[in-house]
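Here's the structure, in structure tokens; my notes come after.
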Amino acid sequence: MSTNPSASPRTAFRRFSVAMGFGSTSKAEVKPESSASAAATPSSIAKYLVDSKAAFLKDAEAAGNEKKWTVVLGNEAGDLDSVASSIAYAWFLSEVEKKPAVPLIQIARDDFVLRAENVYALGLAGIHNPSDELLTTSDIEGKPSFPSSSFFLVDQNRLASQFTGTVIGIIDHHQDEGLYKDTCTVREIVLCGSCSSLVSLALPPQMPAELATLLLTAIVIDTGGFKVGGKATDEDRQGTKLIPLTTLSEPTDVPFAPDALHEVAFIKKLNKDLQHRKSDLSHLGGWDLLRRDYKEYTHSLPWMEGQPTIKVGLATVPVALKVWGKKGKLEKDSVAWMKHRGLTVLGVLTTFTDEKKKKEKDKKGKKDDVKGKGKDKGKGDHKREMAWIILQPEGENAPTIDVPALASRLWAGLEESKELSPQPHKKFNLKKNGKLPSNAKGKVYNQGNASATRKVVAPLVKTILEGAPAASPPSAETEPQKEAATAKL
Ligand SMILES: [Mn+2]
């Protein structure tokens, strides 16, 4: 891939690249000076974000401002790519094109803590208090009006159903659904590793250093540091153009050959720092672990007296029970979460690597490598556990539940499943701790089949709870409760 921007096949962006003189080595060489002056400026991005958020929320207090703003919207996962892309393109619309624009991060204000890699990357970009500085879904809840009817989508190409308005532009790296062709003035959808790569190509190199840094962190995390044979495409490798603009590289790091980015020292370090934070959840307590990857279901129990309808929660937790749930912590946090969500049943599904087994395997794997058999080294040490708790739900309208009958039905159904093949957990016992209410039931299993995810558990639970024997047909109470929809994270 040539570093000459005029050779770029991305014609929609070529004019920017050409006009701004992206990507020459001489530019990289003058970098220390330019980045020093940029770093001295008190985080212009943070200031832009704080100002635009305040102005947007002020306009949300009264009707009549609907046409004023363009909301730049990343996808609902709220991952670093969506966060970086939406901030960068909103800055561009606002500060370069002079149209009022604000990025809306589709997570709750308190949920930044769940994604440590985002907090770290935002910090590198001078955004140190993201829950204050960024507009989140918590900020717009219950506002009298939504002062925007125009949307610019990044890292997705379909407007979610809770928003109404015109999609005026898309920059995305997902499969093109072919929508909004008549209303988009920019419509750049290219399959590549990171949407942030496409956004970076759309921005002038006069962008603040912090913004270049933020986009580069997203490209690095999405491509595993431009890993050879990984997700990075030529579009992503054009990320080299960002490097001279960032606050991260050293003068000794230049020049950068697009094909050798994975070998550049600061890229390697940045990738390691980001991936480590992404996988390290040790700063999270039980409450956060339970809610960060959580789904909720409503089931009727046609076989129980009164045919009650109950809520069941399934939390996928990527940390072993013994790490975070000992000494009654699992019970305490689970009961608190169940009361908060009005649950009758909670399933805590852990997925983790058994480090002891992994070490043994790796040792063995090394030997195998010599014989050329080490390819599946590390497999087999992946484990899953299931902890189940059943409670009588609280509240005026809560149905009366026969907790022991529900427990024996659920345990029997789970234990019969060949797909899960659960074994009672020998090292984790709920009853001893005494942290569950006296009328509660609970059981902990090791999952014999460690490849069965929530996608397997959820339909099985539905069958166990809703299935026969039903003497009479299920009643109209099977209608799902509306609140369930708000539970997604
Ligand atoms: Mn993405």
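For the reader, a short list of remarks on this structure follows.
- Just one of (1) charged (D, E, K, R); (2) outside any helix (DSSP H, G or I); (3) within 23 Å of the chain's Cα centre (by Cα); (4) under 28 Å from Leu49 (Cβ atoms) fails for Lys227. It is (4).
- Count of the stretch 273-310 residues which are part of a strand (DSSP E or B) and more than 15 Å from the chain's Cα centre (by Cα): 7
- Ala125 closer than 18 Å to Ser44 by Cα, among the small types (Gly, Ala, Ser) and either away from the ligand (no atom under 16 Å from the Cβ) or not assigned by TED's automatic domain parsing to the domain that holds Leu248 (or both): yes
- Candidate set from the stretch 152-194 (those that are charged (D, E, K, R) and more than 16 Å from the ligand (Cβ to nearest atom)); member that is nearest to Gly239 (Cα to Cα): Arg187
- For the stretch 247-276, a residue qualifies if it is within 21 Å of Leu198 (Cβ to Cβ) and at pLDDT 85 or above, and the qualifying residues are Leu261, His262, Ile267, Leu270, Asn271, Leu274.
- Boolean, Leu430 is touching a residue at least 60 places away in the same chain (Cβ under 8 Å) and in contact with a Lys or Arg (Cβ under 8 Å, 6 or more places away or on another chain): yes
- Taking the criterion of being more than 31 Å from the chain's Cα centre (by Cα) and not in a loop (DSSP other than H, G, I, E, B), the residues of the stretch 411-452 that qualify are Trp411, Ala412, Gly413, Glu415, Glu416, Gln423, Pro424, Lys431, Lys432, Asn433, Lys441.
- Filtering the stretch 195-208 to residues that are within 11 Å of the ligand (Cβ to nearest atom) and either over 13 Å from Ala84 (Cα atoms) or among the hydrophobic types (A, V, I, L, M, F, W, C) (or both) leaves Cys195, Leu198, Val199.
- Residue match in the stretch 171-185 (condition: of a type in the set (D, E, K, R), over 24 Å from the mean Cα position of the chain (by Cα) and either surrounded by 18 or more Cβ atoms within 10 Å (Cβ to Cβ) or modelled with pLDDT of 95 or more (or both)): yes
- There is no residue in the stretch 144-156 that is assigned by TED's automatic domain parsing to the domain that holds Pro204, of a type in the set (Val, Ile, Thr), assigned to a helix (DSSP H, G or I) and within 20 Å of the chain's Cα centre (by Cα).
- Those residues of the stretch 42-96 which are within 16 Å of the ligand (Cβ to nearest atom), in a helix (DSSP H, G or I) and touching a Leu at 6+ places or on another chain (Cβ under 9 Å), in sequence order: Leu80, Ser82, Val83, Ala84, Ser85, Ser86, Ile87, Ala88, Tyr89
The values are calculated or read from the model by the stated rules, or taken from the named source; none is laboratory data. Just so we're clear, the structure is a prediction, and the values are computed from it rather than from any experiment. Please note: Cβ atoms are built from the backbone with ideal geometry, for glycine as well, and neighbour counts cover all protein chains shown.
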